[in-house]
2 protein chains.
Amino acid sequence: MKLDKHSSVPLYAQLKELILERIDRGDYAPGSRIPSELVLCDELDLSRPTVRQAIAELVAEGVLIIVKGKGTYVADTAEQAEISKFSAFSCSFLLLKNLADHKLDSIERVDSNEETDKLFANIQGIQGGFWQIDRPMTGNGQLIGLCRSYIPVMMFPDLAEDIRLGKPMIDIVANKYAYLPQKGNLKLQVRAAGNQEALYLDISRRAPVIAMSSILTSRSGHICEAIRIVLRPDAAILDFEQNRL
Amino acid sequence: MKLDKHSSVPLYAQLKELILERIDRGDYAPGSRIPSELVLCDELDLSRPTVRQAIAELVAEGVLIIVKGKGTYVADTAEQAEISKFSAFSCSFLLLKNLADHKLDSIERVDSNEETDKLFANIQGIQGGFWQIDRPMTGNGQLIGLCRSYIPVMMFPDLAEDIRLGKPMIDIVANKYAYLPQKGNLKLQVRAAGNQEALYLDISRRAPVIAMSSILTSRSGHICEAIRIVLRPDAAILDFEQNRL
């Protein structure tokens, strides 16, 4: 493919096609650095804004990734972590087997707020606030998302203290099996990242993310945990098991 | 927020922020048309390429939508169709209750090809090719995705003929209950749309889509259907039921 300066197709759009073609052909391999803006300007006799716009759009589309201070790279989808047997339960805090395997960003007690009201919808009767627990999600050793759980304080009044004391999970949930997640739902959508989310995940502002929310109920029929997850879409393939009941 | 021509932040990036601010404030309401490029150039004393780049990136990010011949609109997430009890089974062709409720784009017999090899992975022993069935997925009365099923011809040799004759589904699967989907998996990822997908879904080329693939096995333990789904991410919230087994 050659660029045509007399075409009605804008030059930046032609350059996008050219870069995509080079990626498809393997000239620019996944994970490798593409030539700098200046080198592309020079090679193809293009202006800087033209090259910048083509690259900016390919970054917004997830084809290219800018690594600060290093350059522009071809996104490497082969590096996507496949998360097998993914479900709301695999993201549940209450169902974690071994706390020591998981980093916690924070745990704090919060009152009902806009987010908990939205997650817990029209459910009344949860008094005493929630434990709000933030933790990173990793795959292939890389940060791929963030996960926030809300757990009613009235069900697990000593949760923060137990965690601080380093109690094993099996002791934390002892005698509370009726309060562990058993059923629920998981809503999934793709939306633009919020500012804080983008910062945390180290992606462009308003880049698309996979956003999930889940409400889990216990065997006793109570809501025992609400979860909100935001995942880098370039980092994960979710593999759900499906069983027809 | 005011644009600052002496800032080190490029003007198009400042304009993006300004447009996002106006959307957040409700000046540009969801679903409404924003001012044309020319009007924005005029109002803010900007060049056409600057305005075009800001809008192009916001379109790539799914914030704005270009409707051909009409203008540029703020994406309306409130119009997202929520698909409840979503699962691989709800997308299965073999499990459709009433064929008359569903439009089929095409049904044809195909041999093994690159796509079936990939979907059916290392499974050997499927002779005689597949029925390849394409159909649109709709939500809230709008096209939100496309769905392709592959069904081994050896299990349902008369499928195309039965459909052509208008046989009800209950007759098509009669005596074949052991071949209906019972278990499986569903892999989900977000990736850029291919050219044909973008055309079909009427979205920008390389806009992000939700891509899913599923392999379903029957009670008899055979693979009876493979499904490939591509969804417009702006059009759907998937609501999975979750049961801990």
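Structure values in brief
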item: Yes/no for A:Y179 being aromatic (F, W, Y), crowded, with 16+ Cβ neighbours inside 10 Å, within 25 Å of A:V63 (Cβ to Cβ) and modelled with pLDDT of 90 or more; result: no
item: Set B:I144, B:I215: member being more than 9 Å from chain A (Cβ to nearest Cβ), open to solvent by less than 20 Å² (accessible area, probe 1.4 Å) and in contact with a helix residue (DSSP H, G or I) (Cβ under 8 Å, 6 or more places away or on another chain); result: B:I144
item: Where a residue in segment B:39-62 is within 19 Å of A:R52 (Cβ to Cβ) and touching a residue at least 24 places away in the same chain (Cβ under 8 Å) and its partner, wherever it lies, is among the basic types (K, R) and open to solvent by 20 Å² or more (accessible area, probe 1.4 Å), with Cβ under 7 Å and at least six apart; result: B:A54/B:K16; B:E57/B:K16; B:L58/B:K16
item: Selection count, segment B:60-73, where residues are under 11 Å from B:I34 (Cβ atoms) and within 12 Å of chain A (Cβ to nearest Cβ); result: 2
item: Residue in segment A:162-169 that is closer than 30 Å to A:I203 by Cα and either assigned by TED's automatic domain parsing to the domain that holds A:S106 or touching a Ser or Thr at 6+ places or on another chain (Cβ under 6 Å) (or both) present; result: no
item: Answer residue from segment B:185-212, given it is touching a Phe, Trp or Tyr at 6+ places or on another chain (Cβ under 8 Å) and open to solvent by 10 Å² or more (accessible area, probe 1.4 Å) and is nearest to B:L95 (Cα to Cα) among those; result: B:N185
item: Residues within segment A:175-225 that are of a type in the set (F, W, Y) and under 20 Å from A:P157 (Cβ atoms), tallied; result: 2
item: Sole exception among (1) at pLDDT 90 or above; (2) open to solvent by 80 Å² or more (accessible area, probe 1.4 Å) for A:A88, by number; result: (2)
item: Among the residues listed as B:D162, B:D134, B:D171, the single one being closer than 30 Å to B:K68 by Cβ, open to solvent by 10 Å² or more (accessible area, probe 1.4 Å), of a type in the set (D, E, K, R) and away from chain A (no Cβ under 12 Å); result: B:D134
item: Some residue of segment B:148-170 being basic (K, R), assigned to a strand (DSSP E or B) and modelled with pLDDT of 90 or more; result: yes
item: Residues (in contact with a helix residue (DSSP H, G or I) (Cβ under 6 Å, 6 or more places away or on another chain) and assigned to a strand (DSSP E or B)) located in segment B:82-118; result: B:I107
item: Enumeration of residues in segment A:13-55 that are over 22 Å from B:S204 (Cβ atoms), open to solvent by 60 Å² or more (accessible area, probe 1.4 Å) and assigned to a helix (DSSP H, G or I); result: A:R25, A:L38, A:V39, A:D42, A:E43, A:R48
item: Filter result (of a type in the set (S, T, N, Q) and farther than 14 Å from A:F93 by Cα) within segment A:140-174; result: A:N140, A:Q142
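The values are calculated or read from the model by the stated rules, or taken from the named source; none is laboratory data. Here the structure is a predicted model, which is why all the values come from computation and not from measurement. Note that each Cβ is placed from the backbone with ideal geometry, even for glycine, and that neighbours are counted across all protein chains shown. Please note that ligands, DNA and RNA were not included when accessible areas were found on the heavy atoms of the full protein model with its side chains. Shrake-Rupley method; radii C 1.70, N 1.55, O 1.52, S 1.80 Å.
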